[in-house]
Amino acid sequence: MRVLVLGGDGYLGWPTAVHLSDRGHTVAVADNFARRGYDHELGVDSLVPIEPLVVRVRAWAELSGQRIESFSGDITDAAFTRELLQGFRPEAVVHFAEQRSAPYSMIDQAHAVYTQRNNVVGTLNLLYAIAETDRDIHLVKLGTMGEYGTPNIDIEEGWLTVEHNGRSDRMLYPKRPGSFYHLSKVHDSHNIEFACRIWGLRATDLNQGIVYGQQIPATEADPRLATRLDYDAIFGTVLNRFVVQAVLGHPLTVYGSGGQTRGLIDIRDTVECIRLACENPAAAGEFRVFNQMTEAMSVEEIAKTIAECYPGPAEIEYLDNPRVELDTHYYNVVHTGLVGLGLAPHRLCDTLITSLFATVEQHRHRVDLAAMRPTVSWRATNSS
Ligand code: NAD
Ligand code: USQ
């Protein structure tokens, strides 16, 4: 297949592009390098050194003989997005190209507006570009499990059959997300479902849980292929942060009492889920939703699991929660769709022992301790 990966320079976009190319697909990537810009803005850096996209692409060509074409541009620029699709003519577009940090979106008014504009406008431009180029192009869009929030009922895969006053309908599952970032994904989902309904587009919305890990088999062979690993309090996700804290001998920073439960997924399963979604497209007019997570754990359970797996001492510290979120709640998620397509999930502890501790150990000298403490409060309303 011809697959275009938007956000192909990012944490997940780059290994996905390599994985798809490794599996014989013709792959192109596009990125505006905004993620590298946030590093400069925040004064942080990936724990694992990363090469410029041109070097990555060249390294992959040398190693595999496969060419990944790369494009530089911003998908909030409608002309760029349309020309990209009309030039490359993909059969599937994998859309990772969004601002993806909840704390970044909560820094102040400007960051909230940037996040929603970047994410919602980019996706809307993409929907128009698909509709005008070829309505058969399958959109594989990265959503998030956080779109649902933590409702007191089971979380279904995107849709819910509702009975009300003796009548029944199949409706988009109600959403109650926990940040302006997560809200941008909800807005995207509604726009995509509408485009499927009016233009007959085919789309898969992957409501992904928190990703952990840094390597997939195809990127292990050469350090020039490495993807980023964030550990700072704004872009670092909880499990990756806890691993870095364990290796440094620092306490694992559980926010609140740690009862908040989240879906998790290994990066090796992420790239497989994308491949499976691309190779098994949604039907014309279908807005298909998969919950892309493999395990559910509370934050405290994640911390305890890492402390147990780590071969040295590891302590847990309970901090006042800078976020507004429930930390005692029901959480039961249906996530059978991707397993039905053939996903064979990795288990958490196995991954940590085999690769993540060693990766962090190798680069521990690069950690900036000042970047690890949370600074963004959900309760503040700064306008700068
Ligand atoms: P990332 O920030 O590392 O990668 C996103 C990439 O998109 C970056 O390279 C960035 O420069 C690019 N980008 C952003 N806006 C763009 C624009 N307007 N035009 C072109 N390129 C643009 O993020 P990631 O962790 O790889 O996440 C990828 C996607 O997966 C995001 O949509 C995110 O919401 C979703 N997701 C991530 C996780 C996770 O744990 N990392 C979990 C669930 C969902
Ligand atoms: N948390 C801690 N201690 C920390 C960091 C986080 O207790 O040091 C807690 C947070 O309060 C939260 C949970 O861990 O309850 C998850 O936080 P996170 O930063 O790992 O994840 P989140 O903000 O939800 O965002 C990440 C990605 C985002 C993706 C989302 C998937 O950055 O792109 O959409 O995970 S999900 O959580 O399923 O919505």
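Some notes on this structure:
- Computed with a 1.4 Å probe over protein heavy atoms only, the accessible surface of segment 2-372 comes to 40 Å² per residue.
- Extension gain, Arg167 to Asp39: 0.36 nm times the residue separation minus the Cα-Cα distance gives 40.9 nm.
- Every helix of 4 or more DSSP H residues in the chain counts as -39500 (n - 2.57), and over all residues that averages to -10500 deg cm²/dmol at 222 nm.
- Arg197-Arg58 pseudo-label distance in nm [points 7 Å out on the Cα-to-Cβ vector]: 5.0
- For the chain, the longest site-free run once trypsin sites (Lys or Arg not before Pro) in DSSP loop states with at most 13 other Cβ atoms within 10 Å are removed: 1-346
- Sequence-ordered 3J(HN,Hα) estimates for segment 258-263 from the Karplus curve with 6.51, -1.76 and 1.60 and θ = phi - 60° stand at x, x, 5, 10, 9, x Hz, glycine and proline given as x.
- Legend: calculated FRET efficiency, Ala131 to Val339, from the Cβ-Cβ distance at R0 = 41 Å, rounded to 0.05, equals 0.85.
- Two-site label geometry, Asp320 and Glu301: point separation in nm, points 7 Å out along Cα→Cβ: 2.9
- In this structure the amide hydrogen of Arg202, modeled in the peptide plane, comes within under 5 Å of the amide hydrogens of Leu139, Gly285, none closer than 5 places in sequence on its chain.
- Portion, in percent, of the accessible area of the chain that falls on carbon or sulfur, probe 1.4 Å: 51
- Each Lys and Arg Cβ is given +1 and each Asp and Glu Cβ -1; about its Cα centre, the chain then shows a dipole of about 440 debye.
- Three-way shape label, segment 2-372, alpha-carbon gyration tensor, a/c 1.5: oblate
The values are calculated or read from the model by the stated rules, or taken from the named source; none is laboratory data. Remember, predicted model here, so these are calculated numbers, not experimental data. Don't worry about glycine lacking a Cβ; one is built from the backbone with ideal geometry, like all the others, and counts go over all protein chains shown. Only protein heavy atoms, including side chains, enter the accessible area calculation; ligands, DNA and RNA are left aside. Shrake-Rupley method; radii C 1.70, N 1.55, O 1.52, S 1.80 Å.
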